[in-house]
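One structure below.
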Number of protein chains: 4
Amino acid sequence: MPFVHHTPVRFAHVDAAGIVFYPRFFEMLNAAVEDWFAGLGRDFRSLHLDDRIGTPTVRLEADFLAPAMLGDVLAITLTPVKVGTSSCAYRFAFASGDTLCLKGEGVLVCMDLDAKRSRPWPEAIAASLRAALPSDLDNRMA
Amino acid sequence: MPFVHHTPVRFAHVDAAGIVFYPRFFEMLNAAVEDWFAGLGRDFRSLHLDDRIGTPTVRLEADFLAPAMLGDVLAITLTPVKVGTSSCAYRFAFASGDTLCLKGEGVLVCMDLDAKRSRPWPEAIAASLRAALPSDLDNRMA
Amino acid sequence: MPFVHHTPVRFAHVDAAGIVFYPRFFEMLNAAVEDWFAGLGRDFRSLHLDDRIGTPTVRLEADFLAPAMLGDVLAITLTPVKVGTSSCAYRFAFASGDTLCLKGEGVLVCMDLDAKRSRPWPEAIAASLRAALPSDLDNRMA
Amino acid sequence: MPFVHHTPVRFAHVDAAGIVFYPRFFEMLNAAVEDWFAGLGRDFRSLHLDDRIGTPTVRLEADFLAPAMLGDVLAITLTPVKVGTSSCAYRFAFASGDTLCLKGEGVLVCMDLDAKRSRPWPEAIAASLRAALPSDLDNRMA
C-alpha cells in the first residue's frame, strides 16, 4: 500500500522564478521517507540515535514533469517496489492536485552507522516494507 | 492572541552533533510566519504573486537557550508586539515540551515588490495584526 | 572539455552521521552549473533577470558511491553529452581526492520564464555547449 | 584584525523576489565562521570529529539594511569583540561592493559535544581569538 505525505510549498522552497528549486524536492522527499518509516513503527530519531542505523540513499532518478509553485500543497506518494536484505527500492510521485510534478525512484540502504557498512534491515522493518509492496508490480516503472 | 505553529525536527534540520543547525530555525520561523499570515487571511502566494507585496525581515534577534533534537516537535509561538504603518515587530519562542529552545524578536516590513520600497500594510492585514496584539505589552521584552 | 568546480563540504551540508545529506549534493551541483554557465559567458543573474531565461532540470539520475565528509573538498566535474535545440544532457561526478562519491546525469532545458515554456538556447550558449562536448562519447554512460 | 570571507549569491540563496532569503545569510555566516576558525588553525572537521568540540551560536542579532541579489559577491567581515573563557562575541557585516547589506553580532560558545556542556576554549584558539581583537573597541556596537 502506498504511503502518502502532504507538504505545502513554502517560501523557503522556491527560487527566483517562483517555482520549487529542485534540491528542495529531495528535502521534501526525505521528510516523506521519515514519516513513512515512523508509520512503519520506526522513527528516525530512535533508529539513528538509539540503534545507530542509517538509511542513506544510494541511487536516485527523477523526472521533473511540471513546476510546483509557492502555496501548492504537494501529495508525495511512496511505494516500495523491491525489498532486499539490506536495501529497499521505492517509487515516488509528487502531485499538486491533478498535476504530476515529479516522479522517480530511489534506493535506500540499511547502514550500521558505527561500522560504516550496510547491514540487514531489522526484521520488523523488513516485514513492514514487504507488507507494503503492491500486489502487482508488472507496471512498476510505468 | 499568539499564533502557534507546530513543526517536527527533521533529518534535514540537524547537524553533525544531531541538533538543529541554527539557520534551519529561521527557515522554520519563516514557515510559521507564512502560516500566521495565511491565518490572518493572506496567504503568501497571493500576497507575493498577485498583490506583489513582500514581507522581508529587517531586524532579528534570538537567544538560543537549549538544543532541539531530531524527532522533537517544536511549538513556535508568534506574538505581534508593535504594528506600525508599514512594519510589524513580533516576539517568537520555540519550545519542545516544557523546554524553551529559542526566543527572540523579529521585525517585518511591508514591501512593494515592484517599486522595491516599503509601503503601508493593506488595511485588512493591519487590522488583523493589531487585533492580535496582546492586551498587556508591559513585559513584552521579558 | 569537462568543467571542474571545487567546493568544500561545509557544516551546513552534513547530517547527524557527519556525512553530506544528499539534497545538499544537488545544491552543490546547481552551484557548479551556475559557474559552468558563467564560464561559458552567461552568468545566471543576467540570464534570469535580464534575458528572462531559466535552465530548469527536467531529469536527474545519480548513484551515491561513497559518503563525503565535513571538510572534504569535492571536485565536481561537468561534461555535456548531448546538446539539443532547447536541452542539454550532462554527466556529473563528485570526487574527494581519489574517491568517487557521486556520479550521474542531468538534463537542463532552456526556458522562457515569461512564456513559461521551453525555447531554443541562445546561439552563443548552444555553440559553447557544443564546443564542450567530448570528442569521444562512446562510453558516455560508463 | 577582521577576517574577510567572500561568497557569491547563488541561485540556491534567493527567493521568489530574486533576493537572498534571510536564513541563507546565516548559512553563509556559518561558512565564514568555519573558514575563520580554519584560518586560526582549527578546521571544523578535526574540531568536531577528533576533539569533539562544537561551537554553537547562543545569541544572534542582525539588521538587514539592503537586499543582496543573485550574482552579487558578498564580503563577509568577522571581528571578535569579546573573548571569554568559553565564549566569543563577534561582529559581522555583509557588503556587496559599497553597499552594507547586513550587520550584526553573534555569540559562540565552546562546547564539549560528549558531555553536552560548555567548556573552556582550547588555549591555542583562545589566544588566536584574543590576538584578533581590534585594538579600539570603543565603537564596537556602532
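The values are calculated or read from the model by the stated rules, or taken from the named source; none is laboratory data. Being a predicted model, the structure only gives us computed values, none of them experimental. For neighbour counting, all protein chains shown are included, and Cβ atoms are generated from backbone atoms with ideal geometry for every residue, glycine included. Surface areas here come from the heavy atoms of the whole protein model, side chains and all, with no ligands, DNA or RNA. Shrake-Rupley method; radii C 1.70, N 1.55, O 1.52, S 1.80 Å.
Matching residues to (1) within 14 Å of another protein chain (Cβ to nearest Cβ); (2) of a type in the set (V, I, T); (3) open to solvent by less than 20 Å² (accessible area, probe 1.4 Å):
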residue: B:A75; (1), (2), (3): no, no, no
residue: B:F92; (1), (2), (3): yes, no, yes
residue: B:T99; (1), (2), (3): yes, yes, no
residue: B:E123; (1), (2), (3): no, no, no
residue: B:A127; (1), (2), (3): no, no, no
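Scoring D:F21 on the criteria (1) at pLDDT 95 or above; (2) touching a His at 6+ places or on another chain (Cβ under 9 Å); (3) farther than 14 Å from B:P56 by Cα leaves a single failure, condition (3). Scan segment C:109-121 for residues that are without any contact (Cβ under 8 Å) to a residue 40 or more places away in the chain and within 9 Å of another protein chain (Cβ to nearest Cβ) and jot them down. C:K116 - this is the single residue of segment C:109-121 that is without any contact (Cβ under 8 Å) to a residue 40 or more places away in the chain and within 9 Å of another protein chain (Cβ to nearest Cβ). When segment B:5-15 is filtered for residues that are more than 7 Å from chain A (Cβ to nearest Cβ) and either surrounded by 24 or more Cβ atoms within 10 Å (Cβ to Cβ) or not polar (S, T, N, Q) (or both), the ones remaining, listed by number, are B:H5, B:H6, B:P8, B:V9, B:H13, B:V14, B:D15.
Consider segment B:16-42 and keep the residues that are touching an Asp or Glu at 6+ places or on another chain (Cβ under 8 Å) and assigned to a loop (DSSP other than H, G, I, E, B). The one that is nearest to the other protein chains (Cβ to nearest Cβ) is B:A16.
Can you pull out the residues in segment D:46-61 that are at pLDDT below 90 and open to solvent by 40 Å² or more (accessible area, probe 1.4 Å)? Selection gives D:L49, D:D50.
Only a single criterion out of (1) open to solvent by 30 Å² or more (accessible area, probe 1.4 Å); (2) more than 30 Å from D:L49 (Cβ to Cβ); (3) not basic (K, R) is not satisfied by B:L65, namely (2). When you scan segment C:31-45, how many residues do you find that are surrounded by fewer than 20 Cβ atoms within 10 Å (Cβ to Cβ) and either among the polar types (S, T, N, Q) or farther than 19 Å from C:L78 by Cβ (or both)? The qualifying residues number 0.
Checked against the criterion of being within 14 Å of chain A (Cβ to nearest Cβ) and of a type in the set (G, A, S), the candidates B:G106, B:G54 yield just one match: B:G54. Only a single criterion out of (1) more than 14 Å from chain C (Cβ to nearest Cβ); (2) under 23 Å from B:F64 (Cα atoms) is not satisfied by D:A66, namely (2).
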